[in-house]
Amino acid sequence: MTLLSTIRFSIAVALACAAVASAGDKDKPKPSGAQLVDSGAFGVFVRGQRVVTESFSVQQQNGVSTVKSQLKEAAGAGPTNQKSELLMTSGAELIRYEWSDSGGSSLVVMPNNEFLLEKITTPASNKPAEQPFMMPNTSAILDNNFFVHREVLAWRYLATNCHTEKGSLQCQQGPLEFGVLVPQDRTSLRVRLELVGREKVTINGTDRQLLRLNLSGENFNWALWVEESSPFKLMRVLIADDHIEIVRD
């Protein structure tokens, strides 16, 4: 299988989605035929100090996938602080996105005709507030603090913008733009992804050859490193301006 076809296989697996599962489903047996594409944890470090751990999974079943994530403060032994579940079709069309925190706030984003609708619930609200977005249902979700969403976006970029040439990965010149929704901020924006090339990076004390991508927007610049082979796992993120580093455990 060529690198391009491998990338396309990875994105087809990673961006497919299944029916919505409840929070209690994690204790139930997984349906037969489910394929785990990626799972693990990211440590979030600020100035070298771990502050948050994100546990995540990307699961594919019957040509569809579910992306789940949970955040927990590193110093706390209490319940999960935040959790999310992202559901998309194999064509990267959003089915449903859910987020909630331990304080009782929650939100849901769903397609509404040709666009998106966000419903926000707070502990003080009697009914959800609604906010429409004039964005297509193929817009990417990049919610706050969930770095697995950046992994999914990197897969999407590699699948649509790159090819192999003489055994080497080549991408179109210049960055590729994506429209994204940040549900917790209730905002939409344009971001750019661009492949920089291969770099040697130290991950948990081991030197690795990884692919570097630059993710940027109007007010931010991030560096992402992913593995060179399927499923192109996200290994490290550096937000230099804020002294933040994210590393796969």
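No value in this document is a laboratory result; all are computed from the given coordinates. What you see is a predicted model; the values in this text were computed from it and never measured. Cβ atoms come from the backbone with ideal geometry, glycine included; neighbour counts cover every protein chain shown.
Below, the figures for the structure above:
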{"read-out": "Dimensions in Å of the range 133-175 - Rg and Dmax from alpha carbons", "value": "13.4, 43"}
{"read-out": "Viscosity 0.890 mPa s, temperature 25 °C, Stokes-Einstein D of the range 93-171 from Kirkwood C-alpha radius, µm²/s", "value": "165 µm²/s"}
{"read-out": "Other-chain or far-sequence residues with amide H under 5 Å of GLN35's (modelled H)", "value": "GLN60, GLN61"}
{"read-out": "The range 166-249: C-alpha gyration tensor shape, a/c 1.5 cut-off, then a/b vs b/c", "value": "oblate"}
{"read-out": "Likely footprinting exposure, ASP185, ASP38, fewest C-beta neighbours within 10 Å first", "value": "ASP185, ASP38"}
{"read-out": "Residues MET88, MET110, sorted so that the one with the fewest Cβ neighbours within 10 Å comes first", "value": "MET110, MET88"}
{"read-out": "Cα extents of the chain along the three principal axes, largest first (Å)", "value": "59, 42, 42"}
{"read-out": "Gain upon complete extension [GLU165, ALA34; 0.36 nm per residue less C-alpha separation]", "value": "43.8 nm"}
{"read-out": "Computed over the range 84-185: relative contact order in percent, which uses C-alpha pairs under 8 Å that are six or more apart", "value": "20 percent"}
{"read-out": "Crossing angle, helix 3-14 versus the chain [Cα axis fit, 0-90 degrees, rounded to tens]", "value": "10 degrees"}
{"read-out": "Highest to lowest packing among 46-58, 193-205, scored as the average C-beta count within 10 Å", "value": "46-58, 193-205"}
{"read-out": "Exceeding the 29 Å Cα-Cα cut-off - candidates LYS72/LYS233; LYS83/LYS200; LYS127/LYS233", "value": "LYS83/LYS200; LYS127/LYS233"}
